[in-house]
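Computed from the coordinates by the stated procedures, all read-outs in this text should not be read as laboratory data. Here the structure is a predicted model, which is why all the values come from computation and not from measurement. Neighbour counts run over all protein chains shown; Cβ positions are idealised from the backbone, glycine included.
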Amino acid sequence: MKIGIIGAGRVGATTAFCIAKEGIADEIVLIDVNNELAEGEAEDINQGLTLFPKETIVKAGDYKNLKDAKIIILTAGLRRKESETRLELINKNLLIIKDITDKLNPCKNSLILIVSNPVDIMTYLVLKRGGFKENYVFGLGTYLDTLRLFSILKRKKSKAKDAMVIGEHGDSMVFLSCKDKGIMDMVRDAGAWMIKYKQGTGWAVAMACLDVIRAIVFDEKRVFPLSSLVSNWYGVSGICISVPTMIGKDGIIGYPDIKLTKKEKERFLNSARIIKEEITRLNL
Ligand code: NAD
């Protein structure tokens, strides 16, 4: 099975490493406007992979190499600066993602996982502009935020088993089964903290991608908070936003019912409104 990764920067390269080390793909194709970077990262990972029995081949490549890819992970774009919000990044990244979407035109049979920010907007853009099947395109959404929440709860030895983050992958994210303001603030600020300390995240986002890829490869039918085009989810339709989403070999299988409290619903509708306004403002 072939996996394409577009963008060989921090997220793309760490994701390639995590998937390759797991041995679940035959081939990973790394594509970047900076082809030397893609070549360098591919070679670096390959050299280490010789230590492992199930060897994945990692190659730098071009869009023509993606025609038979089962999954394409989109990580290209510019990183958020310390003073920048995710939504401010949009104008710079919009042009990049439009260009890449057009180049993915022959890849109608591939599942596409969007990581580039602002991820809810980019997922909508790829889906609408590319004309892909709705169940084939989904964004990493609030899965990284949910992992951040889990990691804090684990360290505090707290057992909030239904805890999850849904809504916008941004400041209006919605916490389910978590009422601790301190913890919510830590999760919301985690992206900015990462930018301050190491100019962006890499490992956690790569492991989040690996987890979603595993669910596809092994048809796990597991539920993740991913961003996709929703239809009447608590009254929200026609935008990409994170809600609990079941994933298997053909991408999105469905959206399991969950019960939101009145407050959670209000916050979810607010998050949806913010994404909708941005989509309208950008005329997407
Ligand atoms: P980075 O700067 O390290 O890497 C981005 C790469 O994209 C660069 O190597 C650049 O050359 C490449 N690129 C730019 N334009 C391109 C094009 N047209 N075609 C192919 N490649 C192109 O940035 P990063 O830290 O890897 O972050 C990448 C993206 O992922 C950003 O938008 C970031 O905000 C986002 N991100 C999302 C999440 C999430 O949870 N959704 C988490 C972390 C990062």
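Worth a mention:
- Phi angles across region 252-264 convert, under the Karplus curve 6.51 cos²θ - 1.76 cosθ + 1.60 with θ = phi - 60°, into 3J(HN,Hα) values of 6, 9, x, 10, x, 5, 9, 9, 8, 6, 4, 5, 4 Hz, Gly and Pro given as x.
- Length gained on full extension, Lys276 to Lys133, computed as 0.36 nm times the residue gap minus the Cα-Cα distance: 49.4 nm.
- Evaluating 6.51 cos²θ - 1.76 cosθ + 1.60 at θ = phi - 60° for every residue in region 62-75, the Karplus couplings come out as 10, 4, 5, 6, 9, 3, 9, 6, 6, 9, 10, 10, 9, 10 Hz, glycine and proline recorded as x.
- Ranked by the mean number of other Cβ atoms within 10 Å per residue, highest first, peptides 177-187, 56-66 order as 56-66, 177-187.
- Distant-in-sequence amide contacts of Leu111, defined by a placed amide H-H separation under 5 Å and a gap of 5 or more residues or a different chain, comprise Ile71, Ile72.
- Computed FRET value (nearest 0.05) for Lys103 with Lys59, which takes r as the C-beta separation and R₀ as 22 Å: 0.80
- Estimated translational diffusion coefficient (Stokes-Einstein, Kirkwood radius over Cα pairs, 10 °C, 1.306 mPa s) of region 15-136: 103 µm² per second.
- Fully extending the segment from Asp257 to Asp68 would add 64.6 nm, taking 0.36 nm per residue of separation and subtracting the current Cα-Cα distance.
- Total charge dipole magnitude, region 49-201, about the Cα centre, Cβ charges on Lys, Arg, Asp, Glu only, Debye to nearest 20: 440
- Protection proxy ranking, peptides 258-265, 106-113, 155-162, 216-223, average beta carbon neighbours within 10 Å, highest first: 106-113, 216-223, 258-265, 155-162
- Anisotropy class of region 183-230 from Cα gyration tensor, a/c 1.5 cut: prolate
- Rounded to whole Hz, the Karplus (6.51, -1.76, 1.60) HN-Hα couplings of region 89-94, x for glycine and proline: 5, 4, 4, 6, 7, 4
- Label positions at Arg222 and Ser177, each projected 7 Å from the Cα along the C-beta direction, are separated by 1.6 nm.
- Summing Cβ point charges (Lys, Arg +1; Asp, Glu -1) relative to the Cα centre of region 1-131 gives a dipole of roughly 540 debye.
- Whole-number Å³ per residue for the convex hull built on Cα positions in region 168-284: 129
- Each part gets one Cα centre, and for region 88-107 versus region 120-183 those centres are 22 Å apart.
- Cα centroid separation - region 234-284 against region 1-38, whole Å: 29
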